[in-house]
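One structure is given here, and the rest of the page talks about it.
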Protein chains: 2
Amino acid sequence: MAVEEGRSARKRSAIMEAATTLFLRKGYQGTNLDEVAAQATVSKQTVYKNFDDKQRLFSDIVLGITERAGDRFQAMTLALQDTDDLEKDLTEFARDYVALVVQPQALRLRRLVIGESGRFPELARTYYERAPDRAIAALASCLRRLAERGLLRVDDPQLAASHLAFLILSIPLDRAMFYGDDARFSATDLERFADEGVRVFLAAYGRS
Amino acid sequence: MAVEEGRSARKRSAIMEAATTLFLRKGYQGTNLDEVAAQATVSKQTVYKNFDDKQRLFSDIVLGITERAGDRFQAMTLALQDTDDLEKDLTEFARDYVALVVQPQALRLRRLVIGESGRFPELARTYYERAPDRAIAALASCLRRLAERGLLRVDDPQLAASHLAFLILSIPLDRAMFYGDDARFSATDLERFADEGVRVFLAAYGRS
């Protein structure tokens, strides 16, 4: 029985992996379950037994990716709120944040969800709640803590978190939505976006 | 002959109008030229005579809409650079800017272009150059002038323009990409995004 369960789990994860590759490369409409089954080397019946239909498979993939990124981001905000050197650690945080968001898989997923938001409004909402909204909530809670510790002046943590996030991310993120995989940024550019975003944020929300 | 030209121009504009409505409602793939012809009450041959194919029609529409919005935005930046009361006029400018960008037609167009960027990379690039890039360039030139007049401290006008634009726009724009026409914002919310974005910008780039 344990062997059988292990095989099932392996098949499920092979299907998820194959489908992730195909959805991100060919879009939702361009992907069909026959191809997913072939690439995962399972039968089409096995795909259906595990995921009901293409929409369910797509939705499980989107939510899996956003959850892993969200967990990582939350850990970053928890580390930041205990900082002893705000400017230095906020700059480090900003550099890690931009690096997390411009990963090709994350960008492709974001474009795909926006592109399919007309057909799958529920999925787009769920993505928004679990990815951008969850990130802003975690960051807001971190900024509130930093304000309580006397390191920042923040009246509205939610708004301050949005300002910080968009100051750091918007330049590369906006460009990547239109240029796709060709929107390459050098490490130097990304660090500059992070550093300058933090500079503007601290000018408005810093204590000194 | 003049009568004939007038009829042609009217037909062309009827096609553009019908196609704009259909593309923005049904997406690129969901729209076909038979429907465009029927809604414009012209023959399908007339559609092809004017636009070669669906891709050309789509591209002409996208570029027409972005050009009109771009012209209007450029006029706003030219007015701002002669301000006698920066904080007041920058706040007015920010409120007008956010109102321009959250128009349903502009948001639908942006979603559509992002969604089709895999299939039409050229169109997405052209859109990006003529819409966001052109806006940032116009704003950068305005901020440079304001710095020359001693009203702002700006080392890198391009970066400062991106910071200002994203501080003002990102909250509603990001949400609208995922929530579609359901991402409604009250006038009060939009003014607050504009006002707070300007506050943060002036803290970092203002003279006082």
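What is the local net charge at A:LEU152, summed over the other residues whose Cβ is closer than 10 Å to its Cβ (Lys, Arg +1; Asp, Glu -1)? Residues near A:LEU152 contribute +4 overall. Modelled spin-label separation between A:GLU148 and A:LEU78, with each label point placed 7 Å from Cα along the Cα-to-Cβ direction: 1.6 nm. With R₀ set to 51 Å, the beta-carbon distance separating B:GLN45 from A:VAL3 gives a calculated FRET efficiency near 0.15. Summarising the overall dimensions of the range B:21-133 from its C-alpha atoms, the Rg and Dmax are 17.3, 56 angstrom. Karplus-derived 3J(HN,Hα) values for the range A:138-153, using 6.51 cos²θ - 1.76 cosθ + 1.60 with θ = phi - 60°, are 5, 5, 4, 5, 5, 5, 4, 4, 5, 5, 4, 7, x, 8, 9, 10 Hz; glycine and proline are entered as x. Binning all Cα-Cα separations of the range A:119-177 at 5 Å, short to long from zero, yields these whole-percent fractions: 4, 18, 19, 21, 17, 11, 6, 3, 1, 0. Placing unit charges on the Cβ atoms only, positive for Lys and Arg and negative for Asp and Glu, gives chain B a dipole magnitude near 560 debye about its Cα centre.
Placing a label point 7 Å from the Cα of B:ARG68 along the Cα-to-Cβ line, the residues of the range B:85-113 whose backbone N sits under 11 Å from it are B:105-106. Cβ-Cβ distance of A:SER13 and A:ASP96, R₀ of 25 Å, FRET efficiency by 1/(1 + (r/R0)^6): the value works out to about 0.35. Each residue of the range B:31-45 was assigned a 3J(HN,Hα) from its phi angle through the Karplus curve 6.51 cos²θ - 1.76 cosθ + 1.60 (θ = phi - 60°); the sequence is 9, 10, 5, 4, 5, 4, 4, 4, 5, 8, 6, 10, 7, 5, 4 Hz, with glycine and proline shown as x. Compared with the dominant principal axis of the Cα atoms in chain A, helix A:104-115 is inclined by about 80°. For the range A:1-51, the C-alpha radius of gyration divided by 2.2 N^0.38 Å, with N the number of residues, is 1.15. Loop-located GluC sites (Glu not before Pro) across the range A:102-206 with a Cβ neighbour count of 10 or fewer within 10 Å are lacking, with loop assigned by DSSP.
The mean number of partner chain beta-carbon atoms within 10 angstrom of a residue's beta-carbon across peptide A:195-207 is 4.
Here the Karplus relation 6.51 cos²θ - 1.76 cosθ + 1.60, evaluated at θ = phi - 60°, turns the backbone of the range B:187-193 into coupling constants of 4, 5, 4, 4, 5, 5, 4 Hz, with x for every Gly and Pro. Normalising by residue count, the protein assembly as shown has a Cα convex hull of 171 Å³ per residue. Amide hydrogen proximity for B:GLY206: with H placed 1.01 Å from N in the peptide plane, the residues at 5 or more positions away or on another chain lying under 5 Å are B:ARG153.
Axis angle, to the nearest 10 degrees, between helix B:2-26 and the longest C-alpha principal axis of chain B: 70 degrees. Relative to the 2.2 N^0.38 Å rule of thumb, the range B:54-205 has a C-alpha radius of gyration ratio of 1.06.
Relative to the current alpha-carbon distance between A:SER186 and A:ARG25, full extension at 0.36 nm per residue lengthens the span by 55.6 nm. Principal-axis analysis of the Cα atoms of chain A puts helix A:54-80 at an angle of about 30° to the longest axis.
With unit charges on the beta carbons (Lys and Arg positive, Asp and Glu negative) and the dipole taken about the Cα centre of the protein assembly as shown, which residue among A:ILE171, A:GLY115, B:LEU57 sits farthest to the positive side? So the residue we want is B:LEU57. What does the net charge come to around A:SER13 if you take all other residues with beta carbon closer than 12 Å to its beta carbon, with K and R at +1 and D and E at -1? With Lys, Arg at +1 and Asp, Glu at -1, the neighbours total +2.
Any read-out appearing in this document is the output of simple, stated calculations on the displayed coordinates, not a laboratory observation. These numbers come from a predicted model, not from an experiment. In this analysis, Cβ positions are derived from the backbone assuming ideal geometry, glycine residues included, and neighbour counts consider all displayed protein chains.
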